[in-house]
Amino acid sequence: MSSIQEVLTKVFGPVRQCLFLAVAALFMMWQHFKAFTSLWCNITCQGHPKQKRNWSMNAEVDMLSYCSKKWKGEALNAKQMRKVYEDVYWKRNIKTLQPIKEDNYSMLRAVMFQVFSQAIPFPGWMKETDILKLPEKLLYSQGCNWIQQFSFGPERYAGPKVFGKLRSCLELFKKEWVDFYTCKDRMERKKMCRSLFSDDAKENKVYEAVKFIMLHLIIEAHENLKSEEPIPSFFHYFFSRDSSSDPLSYMMNHLNPVGDTIGLEQAELCLVGYALEVKIKLLRLTKFNTEDFETIYPADHKRDWHEITLMTDDDRHYNIPVIAN
C-alpha cells in the first residue's frame, strides 16, 4: 500500500491523490448501497407477496402506439389490424384508449370502471329494491335453492356459504357505487378508482355482484314469461337457446364460468346494460366499415340512460376508447 501511495504522490501529487481516493471510496459505497437495495427488495417481495398490487386499468395511451406493440409482424391479420387502427384513428377521431387487463373479467371491468369513474347514477330499480336481500328472497320466496351452486369466478362452487358470500359482494357493490356517485371531485374519484382497481379481492366482488344481479333479472323475466307478462325483447333470445332455456341452465352454462374459464358473451351486454341502466356502445374493430362495427346494447334502452363505450379487436378482451368531443 505504501509503494502505491508513493507512486501516486509522485505522479499525481498530494491533491490529486486525495481526489482519487475519495472517488474510489464513493464508488465502493455506491456499489454496496445498490447491493443492499437489491437484497432488501428481494426479501420484501418474497416475504410479503400479498402487498404487491397491480392496477388492472392502465393509463391512456396513443391508439397507434398501442396497436404497433400489440399487432407486430408481417402476418396478414397483423397488417389488417394496423390498417384498421389507423382508419379508426383518423376517420373516427379516436386518438387514445385505456387498455384493460386481459382476463375473463375484461368486459365487466371496462363497464364498471366507466360507471364508477363517471359517477353514473345508481339504477332506478335498485333504489326501489333492496338488492342486499335478493339472495334470501330468491331462496325462500321463490324456492330457488339451486342458487347454492352459484360460482364466484375462480373460486367456483361455494355451497352452503353462497348466501353469505353473495351478500358480501352485493354490500361492497352498493357501497362502492354510492361512494363514487356522491364524490363530485373528478380527481378524488380517480384516486378511488386506483384503489379499487388495484385490489383483486374487492374488484372481483363487484363483478360477482353484477353477475348475481343479472341472474336475478333472468329469474324475474322467466317468471314474467310464464305468466305471459311483457319482458324486454332480448330475454327471448336467452330463453331460446338450449344452453339457457331456464335460469338454472343460464347460471350453470353462462354465468358461473365467467371470471374463471370464459368472459361474458357480447349478447350479455344487453343484460348488463339493462341491469345497470346504461347504454353500452360496442366498437368491433374486426367489423370496421360494416354495419356490425358499432352496436348498441340494449337496443331498447331508455333515452335518459348514460352512455359508455367499449372497444374490442378480438371479441374477447375489451378496452375503453377515449372519444374526442
Please count how many residues of segment 286-325 are out of contact with any strand residue (DSSP E or B) (no Cβ under 7 Å at 6 or more places or on another chain) and over 21 Å from MET214 (Cβ atoms).
12
Number of positions in segment 90-112 that are hydrophobic (A, V, I, L, M, F, W, C) and open to solvent by 20 Å² or more (accessible area, probe 1.4 Å):
1
Meets criteria (without any contact (Cβ under 8 Å) to a residue 60 or more places away in the chain, surrounded by 14 or more Cβ atoms within 10 Å (Cβ to Cβ) and in contact with a Phe, Trp or Tyr (Cβ under 9 Å, 6 or more places away or on another chain)) for LEU225:
yes
Could you name every one of the helices (runs of 4 or more DSSP H) located completely within segment 112-222 that has at least 1 residues being hydroxyl-bearing (Ser, Thr, Tyr)?
134-140, 162-182, 186-196
Has segment 68-79 got at least one residue that is more than 30 Å from THR309 (Cβ to Cβ) and either exposed (fewer than 13 other Cβ atoms within 10 Å of the Cβ) or modelled with pLDDT under 95 (or both)?
yes
Would you confirm whether any residue within segment 82-95 is in contact (Cβ under 8 Å) with a residue 24 or more places away in the chain and within 26 Å of GLY153 (Cβ to Cβ)?
no
Restricting the search to segment 124-151, which residues are within 28 Å of the chain's Cα centre (by Cα) and open to solvent by 70 Å² or more (accessible area, probe 1.4 Å)?
LYS127, GLU128, LYS133, GLN149
Pair list, Cβ < 7 Å and 6+ apart or interchain, from segment 190-205 residues that are closer than 11 Å to ARG109 by Cβ to residues that are open to solvent by 50 Å² or more (accessible area, probe 1.4 Å):
LEU196/LYS202; PHE197/TRP55
Checked pairs for segment 129-140, first in contact (Cβ under 8 Å) with a residue 60 or more places away in the chain, second β-branched (Val, Ile, Thr) and open to solvent by less than 40 Å² (accessible area, probe 1.4 Å), C-beta under 7 Å and 6 or more apart or across chains, list as ILE131/ILE213; PRO135/ILE147; LEU138/ILE147; LEU138/ILE219
If a residue must be open to solvent by less than 10 Å² (accessible area, probe 1.4 Å) and at pLDDT below 95, how many such residues does segment 199-217 contain?
0
What number goes with the only condition from (1) within 23 Å of ASN253 (Cα to Cα); (2) surrounded by 19 or more Cβ atoms within 10 Å (Cβ to Cβ); (3) not basic (Lys, Arg) that TRP177 does not pass?
(1)
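The values are calculated or read from the model by the stated rules, or taken from the named source; none is laboratory data. Just so we're clear, the structure is a prediction, and the values are computed from it rather than from any experiment. Positions of Cβ are backbone-derived with ideal geometry, glycine not excepted, and every protein chain shown enters the neighbour counts. For the accessible areas, the whole protein counts, side chains as well, though only heavy atoms, and no ligand, DNA or RNA atoms are used. Shrake-Rupley method; radii C 1.70, N 1.55, O 1.52, S 1.80 Å.
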